[in-house]
Amino acid sequence: MKDIDQSNPEVTQLIEKRAKVIEQVFNRIVQNIIRNQPNSEKIEITDWKFWIPSSVRNLWKSTPIKPLHPWTPTIKIGIKNNHTVVYIPDEFDLGIASQSLITVTAIDARANGTTVENLAKIWQTNIRLSFSNAFWGYEFDQRYPKHRWIFSAIVLGVGFLSIFILELIRKFLRTWDNKLRKKLKDLTESITLNPEAVTSSNLNEKANNSNKKETNNVSVNSNKKKVKLLLFLNEIFKIIKKIIKKNKWFYTQLSSSKEKIILQQQNLIEQQRNSYHLLLRVSFIFQLFSLLASLIIITLIFRDARFLSVYLLRESLNLMFLWIVLIILDKITDFIIDYYLHRWANQAQVINPTSNRYTLRINTYSIVLKQATSFTIFILGVYGSIWLIGLNLSVLAGAGVLTLALAFLSRNLLEDMLNGILILCTDRYAIGDVIDIGGGMAGLVENINLFVTSLRNLDGQVIAIPNSKISTVINNTKEWSRVNFTIKIAWNEDIKKAISVMTQVANQMQKEPEWSRKILDPIEVLGVDDVSHEGIVIHVLIRTQPSEHWGIGREFRFRVKHAFDEAGISLGIPHHKISVLNSPNNNDQSLAYFFPEEDN
């Protein structure tokens, strides 16, 4: 009855009341006929396909139509009180008297787009088939009293088995996705350095191990001529490399920097993860469909619930198709996001081939953009599902108004979102940066979205900060970092010698393979910052790759102390003036100055 305004609660109640009365009359007639036919002969049926419900049998065109059951009463059309009615005449052999089943009105005819006479004929045919199916159902229950439950149990078992198999596939996909996620995390961590993970001791161990390896290699190559030849070729290679490095564009075209390789690997891993996520979501939809299919088959098995089967089948197919299309659209959007982000990063990497900034920004923007598109598509899916189910659009409109009202009331969430967008657009920080926003909140950025930023501090604690609370940010690892080093030597030491020793230490580190790539520029000596009785303060700077300044600074301090000890340069020691009184009764006094001996 599509033309009837069912949004009116009074109309809806009348329709439900009328349907309930018709159902009660129908069931009462069926029970009366069954009670009055206790000794009827059973019809011999050998073909098991006969018991398949008509709605399913119609799928096979070659299957013969199920005949009417012998107990099926005659259904006629007549006039009663100037209205067309569908009724049952007197049938004493079945034990029933004449009674009306349903009145066909002009409103019913308009709602179904036909005339009263045609609608009465349609309802007459449907009612006869309903009586016949009810009696065939009773016949089946008498012959096979437990078969409906057995079939239902089998259907549920098959449904749960398919869900279990799909879950095994999903578990396999999740395992591979976790491996890819760990690989991506390790890839990101390879260009970022967690400050608490680096100590001078383990760095020194690496240096000692590398020195041992070099010593062992040299000892193995005992032939001096071969060693000289290798050294000569190595020097030629270094000269050629320096010449090529002078032209940045030419160098980036010929060589694949670590950052460029990481970008390519990152793109490949992200696209693989997108494929796994697509399969995971589609398999989840099929799990739900397996459960719905089991319920649909069970509704076909039980006659009283059979009217739900067509509705469930139609709605489940529509919903499954809708969500599969939306999931594919969501994943296509993820593929497009990753593709264009990596294309932008590859183009930007040419300008600054040694920067890891683009990898970190891709890691951050990819997560946020995917979350935003997935949320949008999810909202579209919810609205589409509600529309397909057939809920009133006025209810949806009311829900939309309520959503807008809640959005305007949720001022904090809006502030978080707006500030989160500004943080991303201005590139204040990204996942993998080490930042300090004041108030004791500092650490490694582990996650960021439009609403919250998560930091992990040196104690391993995760700090979740609303984006609206973030204003001033100190980013310790953006673009490049710097070792800000000061040392205080004794006031009577040779300043030029101390500076020369520190310069030699820095230059030696820059020549070593472990540190050469991490140190961007030679040491910058700012000079003497302070001269006092405590000593002389010398200030130097070393520019490094992002987040590498902690490890380089620790190693540099370790080596400078060792080099100063070897060069006999002592660190600053405070000097004091002491006054001594000769006699408490004498105003004269002598002054004594004590200077500490030099450190050996």
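The values are calculated or read from the model by the stated rules, or taken from the named source; none is laboratory data. Values in this document were obtained by computation on a predicted structure and should not be read as measured data. Glycine gets a Cβ as well: all are built from the backbone with ideal geometry, and neighbour counts include every protein chain shown. Heavy atoms of the whole protein, side chains included, go into the accessibility calculation; ligands, DNA and RNA do not. Shrake-Rupley method; radii C 1.70, N 1.55, O 1.52, S 1.80 Å.
Here are some conditions: (1) open to solvent by less than 90 Å² (accessible area, probe 1.4 Å); (2) more than 30 Å from Lys80 (Cβ to Cβ); (3) not hydrophobic (A, V, I, L, M, F, W, C). Ser132 meets all but one. Which one does it not meet?
The number of the failed condition is (2).
Among the residues that make up the range 479-496, is at least one of them among the hydroxyl-bearing types (Ser, Thr, Tyr) and modelled with pLDDT of 85 or more? Show your work before the answer.
Of the range 479-496, the ones among the hydroxyl-bearing types (Ser, Thr, Tyr) are 481, 486.
So of that shortlist, the ones also modelled with pLDDT of 85 or more come out as 481, 486.
Among the residues of the range 479-496, at least one is among the hydroxyl-bearing types (Ser, Thr, Tyr) and modelled with pLDDT of 85 or more, which makes the answer yes.
Checking the condition buried (at least 16 other Cβ atoms within 10 Å of the Cβ), assigned to a helix (DSSP H, G or I) and of a type outside the set (Phe, Trp, Tyr), which residue from Arg181, Arg174, Arg148 passes?
Working: Arg181 fails: buried (at least 16 other Cβ atoms within 10 Å of the Cβ); Arg174 fails: buried (at least 16 other Cβ atoms within 10 Å of the Cβ).
None of the other options fit; the residue is Arg148.
Which ones in the range 131-166 are among the polar types (S, T, N, Q) and within 22 Å of Gln287 (Cβ to Cβ)?
Restricting attention to the range 131-166, the residues satisfying the condition of being among the polar types (S, T, N, Q) are 132-133, 142, 152, 162.
Result: Ser152, Ser162.
Test Ile337 against the stated conditions and say whether it is modelled with pLDDT of 85 or more, open to solvent by 60 Å² or more (accessible area, probe 1.4 Å) and within 19 Å of the chain's Cα centre (by Cα).
Details: modelled with pLDDT of 85 or more: yes; open to solvent by 60 Å² or more (accessible area, probe 1.4 Å): no; within 19 Å of the chain's Cα centre (by Cα): yes.
Taking the combined requirement at face value, the residue does not satisfy it.
With the condition being over 54 Å from the mean Cα position of the chain (by Cα) and either under 23 Å from Asp141 (Cβ atoms) or modelled with pLDDT under 75 (or both), I'd like the strands (runs of 3 or more DSSP E) fully within the range 1-118 carrying at least 1 qualifying residues.
On the way: elements: 76-80, 83-88, 99-104.
The strands (runs of 3 or more DSSP E) meeting that bar number zero.
When residues of the range 471-497 are filtered for being closer than 30 Å to Asp427 by Cβ and of a type in the set (Phe, Trp, Tyr), how many remain? Reasoning before the result, please.
Keep residues of the range 471-497 that are closer than 30 Å to Asp427 by Cβ, which gives 471-485.
When the remaining residues are screened for being of a type in the set (Phe, Trp, Tyr), the result is 480, 485.
Summing the residues that are closer than 30 Å to Asp427 by Cβ and of a type in the set (Phe, Trp, Tyr) in the range 471-497 gives 2.
Could you list, in sequence order, all residues of the range 453-465 that are touching a strand residue (DSSP E or B) at 6+ places or on another chain (Cβ under 6 Å) and open to solvent by 30 Å² or more (accessible area, probe 1.4 Å)?
Arg456, Val462, Ile463, Ala464
Take the residues in the range 90-111 that are among the acidic types (Asp, Glu) and open to solvent by less than 50 Å² (accessible area, probe 1.4 Å), then tell me which one is nearest to Val21 (Cα to Cα). Outline the logic, then answer.
Here is the first cut: in the range 90-111, the ones among the acidic types (Asp, Glu) are 90-91, 93, 108.
Pick out the ones that are also open to solvent by less than 50 Å² (accessible area, probe 1.4 Å) and you get 91, 108.
Values: Glu91: 22, Asp108: 16 Å.
The residue in question is Asp108.
Could you give me the residue pairs with C-beta distances under 6 Å whose first residue belongs to the range 314-334 and is basic (Lys, Arg), whose second residue is assigned to a helix (DSSP H, G or I) and surrounded by 14 or more Cβ atoms within 10 Å (Cβ to Cβ) wherever it lies, and which are 6+ apart or on separate chains?
Lys331/Asn274; Lys331/Leu278
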